[in-house]
2 protein chains.
Amino acid sequence: MMGGRSHIRRRFCRLDKAKGAPLLRWGSPKRQMLKTVCKLWRHFVTPFGSYAALRDGQVQLLERVVGSKGLVMDADRLAVANADWTGQYRGNAEVLVAPSSSDEVLQVIKACVAERLPLCIQGGNTSLVGGSVPARDELILSTSKLNRILHFDESSGVLNCEAGCILETLNSHVGQSGYMMPFDLAARGSCMIGGNVATCAGGLHLLRFGPLYGHVLGLEVVVPLEGGQKLNMLSSLRKDNSTFRLANLFIGSEGQLGIVTQVSICAVPRPLTRNVAFLGCLTFQDCLRLLHLIRVRLGPLLSSVEFVDQDCLNCVKEHMKLSNPVATSCPFYLLIETMGFNQDNDGQTTYAAIEQCLEEGHAADGVFAESETQARELWKLRELVSEAFSHDGYNYKYDVSLPIHKYYEIVEKCKDNFGVECVRVGGFGHLGDGNIHLNITSKCPSDSLKKRMDDFVYKWTTENNGSISAEHGIGQLKLHYWHMSRPTAVLRQCVAMKRHFDPSWILNPYKTLQNV
Amino acid sequence: MMGGRSHIRRRFCRLDKAKGAPLLRWGSPKRQMLKTVCKLWRHFVTPFGSYAALRDGQVQLLERVVGSKGLVMDADRLAVANADWTGQYRGNAEVLVAPSSSDEVLQVIKACVAERLPLCIQGGNTSLVGGSVPARDELILSTSKLNRILHFDESSGVLNCEAGCILETLNSHVGQSGYMMPFDLAARGSCMIGGNVATCAGGLHLLRFGPLYGHVLGLEVVVPLEGGQKLNMLSSLRKDNSTFRLANLFIGSEGQLGIVTQVSICAVPRPLTRNVAFLGCLTFQDCLRLLHLIRVRLGPLLSSVEFVDQDCLNCVKEHMKLSNPVATSCPFYLLIETMGFNQDNDGQTTYAAIEQCLEEGHAADGVFAESETQARELWKLRELVSEAFSHDGYNYKYDVSLPIHKYYEIVEKCKDNFGVECVRVGGFGHLGDGNIHLNITSKCPSDSLKKRMDDFVYKWTTENNGSISAEHGIGQLKLHYWHMSRPTAVLRQCVAMKRHFDPSWILNPYKTLQNV
């Protein structure tokens, strides 16, 4: 059924597929020996060398587990599931299974382990790094039918739901009791909570609410260990020191260790007010000073400190027809947002804190939104930067994070190294989280320039204790730079965890991590 | 040097200690065979069966690593290190080593792995479950000399320090820049950050700031794996999705997987205002409704919602000579605290939100502190409950957490089951976190009553999806109930992690987890 695999794979298949007289008689000593050699080979080969090809018998086996409605082989529907929405990757899966309970997921995994079938786990398929489509012809396991909200307790704010629930749906559900999900993404209408957890989604509110580790209380996961197992680590408890919090290992593992099937997560009270200011700073040091002062003066009222440099703002002005609201032209701009619960005072408190910073000279100039419409206008200056760059030429994008005092240096280094060959080099992002989106445009695409830039950016980032992937993950896009992400001793332990939970390396192969 | 071990151990020692003619000549075939048998035995025995006894040669080896100042064999100083401050446990260590760098820790671990010497890791020795003193005669490894604050960045609030730094010292250090540590404990003057991380300290601010998982950015740990390794997982980045966050596995592992030697942690802005109210509720359902409303109305201003039942308040009134500030006598009381950044408005905001709840009838009566002195007086009603119970008779204490709707049921069940045999049964604790401290007093100590209560409380808690240890951990105290804490499949994976990182099971034996 599936072709295009390695030489070794096809040889293994031929044995299975042989019709008429078998190559070797069943039970013959030679066959026994061959079976032993195959077994040893499977045990010792590198992870990607020895998967089985999908055969009719296996498809029927899967259909018995998920039912005919849970099995998709229709070309049009598969084309959608194989398509990566960034357009960079395309999978070749010929079958998609959509189990409708965690028991069905377990049965699918048991079949895949027994048959040594590789899997691509797909939630909302919104990965930006090619993580959610098959790299080759892996079977797609979709979590879309695991979409039940199981329980929400409004006193504690604890939500228990299945992995395929869409973030926006959950947000509306908890919103009825005055809560919101503790993170938010642009993909909120499509992305699913299981994928959010598996990729440790960051997003727009991380400065205020912190990472998912602090909010996920427990998980149910299905792991390929020992032929397939379900680990129930669900909990509705905020305090539980009765054993290691094993569930944390699965957060951000990009589906390499197991399939998240259920999530317990703590929602946060939903803010009632929003205030936004846009400030210009003369030096990057001023931006850092302002970040510090605004944090300790506004505390948890502060929800975002976003950074835009002059090149990015110029790009937005040129291509998106927006104007700079700050009268004084500055090399750096900060968008400051607060979200609170006090309709009467929050605006005044925010205004006073920012005014004080201006008076102290940490910002050169600025504007304060008087209405929600004005607030949205100011946000556009930051949100449209990415789109503006796509109109500026051929666009190279990097999502990295850096220690705060090194945050802007990477933009300057890129200007020095590639400025002559490029149209524009600019940096914007979540200053409060140390996450910078470096954008570079050239007149026409150049693979050699891209390769040189990739090498430079990721090398410089790791040398300066940054992360080559701030929030988007590794997936297929950054796989070949993964070895730079941690010291080898640590990476070896990540691989050891992979080998422990997924000894036959069937989950999401060709992605996220490599043998070290 | 050390005695009192098992029969098998002593036989092994005799071989080593034999003076004059050895029992078996070195190199003789019989000796070789015995060595092979020993090796196989060590490989297959249960974790606690085959440690070596500490000999002079090993002590000299350790002294070469840590220097004479880092090696303690003085009886008085050892008596302090062996003493558990709850008075329930006493260790018999004859040697304490205090390395002064993570490289020295690594050398100590290498020696201990090679010699198969068990270790007890000790930070500030403030464990409430016998976790920080040797269970038998393990060597004590103290982190007290790893006490350097390495770096603090005031823009990002990221602190990097060694494991032996005292929490209060760190709090003062970050306080100079307007920050505070994201958790607080009564033991703040003695407990060390390495121990806080290793036990996932909860404490007084968890409702507001969430668990340590959300704040710890990275760790350096020394693990006994492959003869001893240092894993550098330090980071100053709030967003880093470049590989699994392996460091999270060590948070709350009670030193079973490795020794935390350095910590990167994110401090939080230090609040400037505090407001406290004390309310009486007529039903537990009112308490839950009030918790919900106060959370969604006050948002992150809310820092504590503490619960005290009538029995606890009566106990405080009787033994601590305090009076109930609420005029109406109620079965349940809540202490509500807010901490904010706005001197002008926070008091008024808190007052208005609480007044609204009173008007809506969710609380029967209440008082609002007008000054810091009054706030401290109200806090005493909650903080002195534990001490009051110790004056009330022989005191049995339980630290458990429960799903919020089951929070108070355990107190009622205990009243039903043990009320006749006891002086008083009361519950108080952190309602916002689902953490209840169940306190029971009897006229005189009774081992059989204690055993029946232990069995009942832990069984009922696990049957109702609670945790047998909310924040204090397992240590020695709850070791025999550990098997109830998670489904067996999950516990087996915890043991698998232990076996992976500490294959010779030398770290903190006889504690925290058992073979399953």
Exercise. State yes or no: is residue B:362 touching a Ser or Thr at 6+ places or on another chain (Cβ under 9 Å), under 30 Å from residue B:293 (Cβ atoms), in contact (Cβ under 8 Å) with a residue 12 or more places away in the chain and within 14 Å of chain A (Cβ to nearest Cβ)?
Key: no
Exercise. Report whether or not residue A:294 is more than 30 Å from residue A:233 (Cα to Cα) and more than 9 Å from chain B (Cβ to nearest Cβ).
Key: yes
Self-check item: Test: residue in the range B:180-193 that is in the same structural domain as residue B:149 (by TED's automatic domain parsing), modelled with pLDDT of 95 or more, surrounded by fewer than 24 Cβ atoms within 10 Å (Cβ to Cβ) and not in a loop (DSSP other than H, G, I, E, B)
Solution: yes
Quiz item: Has the range B:455-466 got at least one residue that is at pLDDT 95 or above, buried (at least 16 other Cβ atoms within 10 Å of the Cβ) and touching a His at 6+ places or on another chain (Cβ under 8 Å)?
Solution: no
Quiz prompt | Of all residues making up the range B:214-241, the number that are in a strand (DSSP E or B), surrounded by fewer than 23 Cβ atoms within 10 Å (Cβ to Cβ) and facing chain A (nearest Cβ under 7 Å) | solution = 2
Quiz item: Which condition does residue A:244 not pass, out of (1) within 7 Å of chain B (Cβ to nearest Cβ); (2) not in a loop (DSSP other than H, G, I, E, B), if it passes all the others?
Solution: (2)
Practice problem: Please work out which one of (1) among the small types (Gly, Ala, Ser); (2) facing another protein chain (nearest Cβ under 10 Å); (3) in contact with a strand residue (DSSP E or B) (Cβ under 7 Å, 6 or more places away or on another chain) is the condition residue A:258 fails and give its number. | Solution: (2)
Quiz item: So residue A:399 clears everything in (1) more than 14 Å from chain B (Cβ to nearest Cβ); (2) of a type in the set (Asp, Glu); (3) in contact (Cβ under 8 Å) with a residue 60 or more places away in the chain except one condition, right? Which one?
Solution: (1)
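Residues in the range B:353-375: is at least one within 22 Å of residue B:88 (Cβ to Cβ) and surrounded by fewer than 18 Cβ atoms within 10 Å (Cβ to Cβ)?
no
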Self-check item: Filter pass, residue B:344 being exposed (fewer than 14 other Cβ atoms within 10 Å of the Cβ), more than 25 Å from residue B:206 (Cα to Cα) and not hydroxyl-bearing (Ser, Thr, Tyr)
Solution: yes
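If you go through the range B:476-498 one residue at a time, do you hit one that is outside any helix (DSSP H, G or I), facing chain A (nearest Cβ under 10 Å) and at positive phi?
Of all residues in the range B:476-498, those outside any helix (DSSP H, G or I) come to B:476-478, B:485-487.
Now drop any that are not facing chain A (nearest Cβ under 10 Å), which leaves B:478, B:485-487.
Still in the list and also at positive phi: none.
Checked the range B:476-498: no residue is outside any helix (DSSP H, G or I), facing chain A (nearest Cβ under 10 Å) and at positive phi.
With the condition kept exactly as written, say whether any residue in the range B:199-212 is part of a helix (DSSP H, G or I), under 21 Å from residue A:205 (Cα atoms), of a type in the set (A, V, I, L, M) and at the interface with chain A (Cβ under 7 Å from one of its Cβ atoms).
From the range B:199-212, those part of a helix (DSSP H, G or I) are B:206-209, B:212; that's our starting set.
Still in the running and under 21 Å from residue A:205 (Cα atoms): B:206-209, B:212.
Next, from what is left, pick out any that are of a type in the set (A, V, I, L, M): B:206-207, B:212.
Right, trim to at the interface with chain A (Cβ under 7 Å from one of its Cβ atoms) and you get B:206.
Yes; the residues of the range B:199-212 include at least one that is part of a helix (DSSP H, G or I), under 21 Å from residue A:205 (Cα atoms), of a type in the set (A, V, I, L, M) and at the interface with chain A (Cβ under 7 Å from one of its Cβ atoms).
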Quiz item: What do you reckon, is residue B:387 more than 25 Å from residue A:237 (Cβ to Cβ) and in a loop (DSSP other than H, G, I, E, B)?
Solution: no
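Just to confirm my filter: which strands (runs of 3 or more DSSP E) fall fully inside the range B:110-155 and include at least 3 residues that are at pLDDT below 95, surrounded by fewer than 18 Cβ atoms within 10 Å (Cβ to Cβ) and of a type outside the set (Ser, Thr, Tyr)?
Working: elements: B:119-122, B:139-142, B:149-153.
Of the strands (runs of 3 or more DSSP E) lying wholly inside the range B:110-155, none has at least 3 residues that are at pLDDT below 95, surrounded by fewer than 18 Cβ atoms within 10 Å (Cβ to Cβ) and of a type outside the set (Ser, Thr, Tyr).
Scan the range A:387-395 and give yes if some residue there is surrounded by fewer than 16 Cβ atoms within 10 Å (Cβ to Cβ) and within 13 Å of chain B (Cβ to nearest Cβ), otherwise no. Even if it seems obvious, please write down each step before you answer.
Initial filter on the range A:387-395 (surrounded by fewer than 16 Cβ atoms within 10 Å (Cβ to Cβ)): A:387, A:390-391.
Remaining after also requiring within 13 Å of chain B (Cβ to nearest Cβ): none.
The answer is no; no qualifying residue exists.
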Practice problem: Being among the polar types (S, T, N, Q) and within 22 Å of residue B:323 (Cα to Cα) is the filter here, so list the residues in the range B:341-381 that pass it. | Solution: B:371, B:373, B:374
Quiz item: So which residues in the range B:156-177 are facing another protein chain (nearest Cβ under 10 Å) and surrounded by fewer than 20 Cβ atoms within 10 Å (Cβ to Cβ)?
Solution: B:177
Quiz prompt | Verdict on residue A:136 being free of Cβ contacts under 8 Å to residues at least 24 places away in the same chain, among the basic types (Lys, Arg) and away from chain B (no Cβ under 14 Å) | solution = no
Quiz item: Among the listed residues B:272, B:217, B:290, B:207, which satisfies the condition of being of a type in the set (A, V, I, L, M) and farther than 26 Å from residue B:325 by Cβ?
Solution: B:217
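Please determine whether any residue of the range A:432-446 is closer than 30 Å to residue A:338 by Cβ, more than 12 Å from chain B (Cβ to nearest Cβ) and outside any helix (DSSP H, G or I). Don't jump to the end; show me each part of the working.
Applying the first criterion (closer than 30 Å to residue A:338 by Cβ) to the range A:432-446 yields A:432-439.
Imposing the further condition that a residue be more than 12 Å from chain B (Cβ to nearest Cβ) reduces the set to A:438-439.
Checking the rest, the ones that are also outside any helix (DSSP H, G or I) come to A:438-439.
Yes: one or more hits.
The values are calculated or read from the model by the stated rules, or taken from the named source; none is laboratory data. Keep in mind it's a predicted model, so treat the numbers as computed, not measured. We place every Cβ from the backbone using ideal geometry, glycine too, and count neighbours over all the protein chains shown.
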